[in-house]
Structures are given as structure tokens and as C-alpha cells.
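One structure is given below, encoded as C-alpha cells.
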Amino acid sequence: MTADSVNPGVDGGRIDHPALPGAAAAIDRMLVLGGGYTGRRLALALEAAGVPVLLSHRQPAPPGDDRGWLHFDPDQGALPSQADLAGVSHVLVTIPPDAGGRDPVLESLETRLRQLAPVWVGYLSTTGVYGDTGGAWVDETSPTRPLLERSQARLTCEQAWRRSGLPVQLLRLPAIYGPGRNPMVSLRNGTARLIHKPGQVFSRVHVDDIVGAVLHTIALSPEARPDTLILADTFPCPSSEILGLAAHLLGCRLPDVQRFDDVAAAMGPMARSFWSENRRASSRRLRDDLGYRLLYPTYREGLASCSGDFF
């Protein structure tokens, strides 16, 4: 990532987050571990505000474009030195557990992170740690009862981060969507499925509200930051509902409806697990207690903001 690469139009990106000036003033240098969809989005916003950002990648930097590029691949022994991390004051971890269910960042970088003495470490986790509630609401005070193996691994990693002694804030996310990752894309490429399962709903969050909430919490005083926070929009709903709006925005037909009971056996393990849990995730603490105003309160505003990618 380089400052030259920042462009408000990249991936439909927006850089006008209200909390950006306050967060930028608080950050000396930002370390984003995980240069994927969400990590790159945050880096773009911060770089646009002139904040030095280190964004990790599993591949070495391309020739002549290594500013802000951090080669981090613990499986291959590619670890940053303490000099590489000099000046980092804030850290966001977006990297999931490894194949063994352990946190690759803590496994390889805990000592170096301690030496940095960061003032904030954000860890992106999942609302999957709450397990299946039959569609009932969960919030930060709800018990964690993960059923899926990957959610159990996330909870184990959360606990490891808590034990680290670092100033960790756990950020629990539902399904993430945004430019380049939404039902309009799957409709266009022919992979969309209209599946009906009575009573099933999903919570979701727009990627720019993840970025906005991260910036918002960084701008708060340390004592005002809760140690656990759910980032989600206000309107959990069936997947068929957001797919219907996507088809309307594109002016295309929906695929034929399929009953979940008829297709479940033919689904892959990941898809089946996706449909095996039903819950509504509440972001009331973020919105009411911390005063964050969602950029996209429901999928209606969020999906409409992505439609410019197609026209």
C-alpha cells in the first residue's frame, strides 16, 4: 500500500468517515495485520488522511513498491523485525485462526507487540461465538456458546488475546458486505441461490461501517472503550430479502427459489454451517452508548451504495 494508491473511487471506497480526523490525530503509525478486504479498506482511509500505515501481506513487496508493505507469513518464517514495526501506536488484527485453531499473530509476534507498547489493539472476531439462538437477539453481554469449529477457534483466540495483557478490544462481526462483495456480484456471475428456510435471518455489516466504527473507537479516550463490541447494522433479515433488492437494482430476474430442506444435503460443509445458525446481532452499544452513527443502517442503503459498480 502506498499513499499514491489512495483513491476515493477505488473499490467504491469512501474516505469521508466523520471520526477520521480524530482517529488520525491519535495514531502515530498504524499496523494492519491482514491485507484483505477489511484491512485494505481501513488502510485506504487512514492513508488518505496522511496517517502512516503498515499493511501486512503474505507475499513480498513488488519491486519499487514497498512503502507501507509488511511481509508477514509465519508459515514461511517471514516475520517483521522490531525495526520494521518502529513507531506503531495502534494495531488492527484481521487474520483468522490458523489450521490448528491458534492465533498466528500471537504465536509469532506477541513479544514484539509487547515491546511496541501500543495504545490500542483491535481484534476482528465473529458473532459466531454466540452460537445458534434460534433467531433471538445477542449483544455483548450474551453468553458465548459456539457450536461450529471455526467459531470455537475464534473464541479460543479471543481468550488468548485477553490473556496477552495488551490493550485489546474485541470487535465481533456478522456477515460482511460492500463493494465487490455483495449479492449483486453473485447475481451477475450466476452463483446466487434463492434459498428459503422458514424463520432464518442473518445479521450483516457494511465494510465501511467496520472502518468507521474502528476509527470511532480509536478516537475515544481509552476509558470510554468497551473491551468487547458488536459491529452490525440494525436490520437482520432473510438472505432472500437482500437478494430481492439486488435483483431489483440490477433489473434482472431472481433465480428459482429452493427449499433449504431440499438442497441442504447437496451443500458444501461451509454453506451448510452458514445456514445452521440463526441469530440477530445487536450493535446498540456501538450506536447508543458510544454514539456511532451507522453510514448504512440497513442493507437497503448499503446495497444501493454498491450499485454504482455496475452502471
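The values are calculated or read from the model by the stated rules, or taken from the named source; none is laboratory data. These numbers were taken from a predicted model, which means no experiment stands behind them. Virtual Cβ from ideal backbone geometry, glycine too; neighbours counted across all protein chains shown. Side chains included, ligands, DNA and RNA excluded: accessible areas come from the protein's heavy atoms. Shrake-Rupley method; radii C 1.70, N 1.55, O 1.52, S 1.80 Å.
Of Gly22, Gly13, Gly87, all but one fail to be at positive phi and either modelled with pLDDT of 95 or more or of a type in the set (Gly, Ala, Ser) (or both); the exception is Gly87. Taking Pro179 as the residue in question, decide whether it is modelled with pLDDT of 95 or more and more than 12 Å from the chain's Cα centre (by Cα). Spelling it out, Pro179 is indeed modelled with pLDDT of 95 or more and more than 12 Å from the chain's Cα centre (by Cα). If you go through segment 256-290 and keep only what is part of a loop (DSSP other than H, G, I, E, B) and in contact (Cβ under 8 Å) with a residue 12 or more places away in the chain, you end up with Asp256, Glu277, Asn278, Arg279, Ser282, Ser283, Leu290. Could you list all residues from segment 112-127 that are within 19 Å of Gly212 (Cα to Cα) and assigned to a helix (DSSP H, G or I)? The answer is Thr127, and nothing else. Contact annotation: residue pairs with Cβ atoms under 6 Å, 6 or more positions apart or on different chains, pairing a residue in segment 232-248 that is open to solvent by 10 Å² or more (accessible area, probe 1.4 Å) and at pLDDT 95 or above with a partner that is among the basic types (Lys, Arg) and not in a helix (DSSP H, G or I), are Pro236/Arg280.
Of everything in segment 186-217 that is touching a residue at least 24 places away in the same chain (Cβ under 8 Å) and of a type in the set (Val, Ile, Thr), the residue that is nearest to Arg272 (Cα to Cα) is Ile195. Do we find that Val185 is open to solvent by less than 10 Å² (accessible area, probe 1.4 Å) and either modelled with pLDDT of 95 or more or in a loop (DSSP other than H, G, I, E, B) (or both) in this structure? Criteria not met by Val185. Cβ-Cβ distances below 9 Å connect the following pairs, each with a first residue in segment 163-176 that is over 20 Å from Thr127 (Cα atoms) and open to solvent by 20 Å² or more (accessible area, probe 1.4 Å), a second residue that is of a type outside the set (A, V, I, L, M) and assigned to a strand (DSSP E or B), and a separation of six or more residues or different chains: Pro167/Trp120.
For Asp256, the conditions (1) within 25 Å of the chain's Cα centre (by Cα); (2) modelled with pLDDT of 95 or more; (3) open to solvent by 30 Å² or more (accessible area, probe 1.4 Å) are fulfilled apart from (1). Scanning segment 142-182 for residues that are part of a helix (DSSP H, G or I) and basic (Lys, Arg) returns Arg150, Arg154, Arg162, Arg163. When we screen Thr133, Thr111, Thr156 for residues that are of a type in the set (Ser, Thr, Tyr) and within 21 Å of Asn278 (Cβ to Cβ), the only hit is Thr133.
Inside segment 23-67, residues that are under 23 Å from Leu171 (Cα atoms), assigned to a helix (DSSP H, G or I) and open to solvent by 40 Å² or more (accessible area, probe 1.4 Å) make up a count of 4. Taken together, the criteria exclude Asp227 from residues that are touching a residue at least 12 places away in the same chain (Cβ under 8 Å), of a type in the set (Asp, Glu), touching a Leu at 6+ places or on another chain (Cβ under 8 Å) and open to solvent by less than 20 Å² (accessible area, probe 1.4 Å).
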